[in-house]
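Peer 1: Submitted below is the structure of interest, expressed as structure tokens.
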């Protein structure tokens, strides 16, 4: 299962049933779990932590040092969970002193050419399209779909169950359950098809829809809109409570 043409540091820890192709490079201080498939010419560098059941395609580079001039060689990690598909030429840098680690959760698809910068956190069940680039310390919550060629500014936060149009660029947060698109990027309705596919009830979808009507279409400022959401009792559902908390804690503000 391990090619004789692979270069594996003797201190690297490799789990059971791991397939490693030719010309793979695995550095020291690397831990790889069970049932992974690492295809030819992939590079797994110092500080990488890889869970179980992942497939890593040719040309991917995991654990390279951050592209951050403040990095001084501190001990940090790039942590990959379980059952991810990491396609060709994906780059996942390790963390800096800011957070100490870059994290990709479980069951994500990172398509060709995706870049995950230092200290980023990607949740579970996300799909990240070809050539999308994520700057340092971004956060993407679970089950988000980010289309191809999207540019994410440093520190941005993307909520769960969003869909972001291909070719978009943004420097503000994108709240959960919505479609974000157009140029400049803006709210384009709730992700109703995605929510139905994920099993959200019609009542829950209506609550989400009514919440965003107040936030984006009532003419109220954000603070007053959120107060109105709470006044009307919409925030009693976990989904709307998540929306309200997401917006209230946003440090960059949300897209218009």
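What follows is calculated from the coordinates using simple rules that are stated; it is not laboratory data. If you're wondering where the values come from, they're calculated on a predicted model, not measured in any experiment. Ideal geometry is used to build each Cβ from the backbone, glycine not excepted, and the neighbour counts take in all protein chains shown.
Peer 1: Using Cα atoms only, what is the angle between the long axis of helix 222-231 and the major principal axis of the chain, expressed in degrees (0 to 90) to the nearest 10?
Peer 2: 70
Peer 1: In addition: Using a cut-off of under 18 Å, list every residue of the stretch 42-71 whose amide N is near the label point 7 Å from the Cα of residue 11 along the Cα-to-beta-carbon line.
Peer 2: 44-50, 63-65
Peer 1: As an exercise, find the ratio Rg/Rh for the stretch 7-137 from alpha-carbon atoms, using the Kirkwood inverse-distance average for Rh. If you can, show how the numbers build up before the last one.
Peer 2: On the way: Rg = 13.1 Å, Rh = 14.1 Å.
The Rg/Rh ratio comes out at 0.93.
Peer 1: A further question on this structure: Over the chain, one equal point on each Cα, no solvent: what is log10 I(q)/I(0) by the Debye formula at q = 0.08, 0.13, 0.15 Å⁻¹?
Peer 2: These q points yield log10 I(q)/I(0) values of -0.35, -0.81, -0.99.
Peer 1: Then there's this: For the stretch 100-163, with equal point scatterers placed on the C-alpha atoms only and solvent neglected, what are the log10 I(q)/I(0) values from the Debye formula at q = 0.15, 0.18, 0.27 1/Å, to two decimals?
Peer 2: So the normalised log intensities work out to -0.35, -0.51, -1.27.
Peer 1: Output the relative contact order of the stretch 120-165, whole-number percent, from Cα pairs under 8 angstrom with separation of 6+ residues. The partial results should precede the final answer.
Peer 2: Details: 118 pairs, mean separation 17.6, N = 46.
The value is 38 percent.
Peer 1: log₁₀ I(q)/I(0) of the stretch 125-212 at q = 0.11, 0.16, 0.20, 0.22 Å⁻¹, via Debye over equal Cα point scatterers, no solvent, to two decimals?
Peer 2: Here the Debye-derived log intensity ratios amount to -0.27, -0.57, -0.87, -1.03.
Peer 1: Springs between alpha-carbon pairs under 10 angstrom, Gaussian network model over the chain: which of 151, 69, 234 fluctuates most?
Peer 2: Ranking 151, 69, 234 by mean-square fluctuation puts 69 first.
Peer 1: Of all the Cα-Cα pairs you can form in the stretch 21-82, what percent are over 19 Å apart?
Peer 2: Of all Cα-Cα pairs in the stretch 21-82, 27 percent lie more than 19 Å apart.
Peer 1: Anyone know which of 185, 193, 121 comes out most mobile in the 10 Å Cα GNM of the chain?
Peer 2: Result for the chain, Cα springs under 10 Å: 193 fluctuates most.
Peer 1: Give the distance, in whole Å, between the Cα centre of the stretch 1-29 and the Cα centre of the stretch 101-119.
Peer 2: 21
Peer 1: May I ask for the angle, rounded to the nearest 10°, between helix 202-212 and the longest principal axis of the chain, with both axes built from Cα atoms and the value confined to 0 to 90°?
Peer 2: Tilt relative to the chain: about 80 degrees.
Peer 1: At a threshold of 8 angstrom on Cα-Cα distance, excluding pairs fewer than six apart, so keeping six or more, what relative contact order does the chain reach in percent? Intermediate values should be presented prior to the final figure.
Peer 2: Details: 730 pairs, mean separation 22.0, N = 256.
After rounding, I find 9 percent.
Peer 1: Once you have the Cα-Cα distance between residue 171 and residue 151, take 0.36 nm times their residue separation minus that, and quote the gain in nm to one decimal.
Peer 2: Working it through step by step, the gained length comes to 6.3 nm.
Peer 1: Have a look at 49, 87, 182 and tell me which one the Gaussian network model of the chain (Cα, springs below 10 Å) gives the largest fluctuation.
Peer 2: Checking each option, the largest mean-square fluctuation is seen for 182.
Peer 1: Go ahead and run the numbers for FRET between residue 1 and residue 245, Cβ-Cβ distance against an R0 of 41 Å, rounding to 0.05.
Peer 2: 0.35
Peer 1: Rounded to the nearest 0.05, what FRET efficiency is calculated for residue 201 and residue 127 with R0 set to 30 Å and r the Cβ-Cβ distance?
Peer 2: Taking R0 as 30 Å, the efficiency between residue 201 and residue 127 is 0.80.
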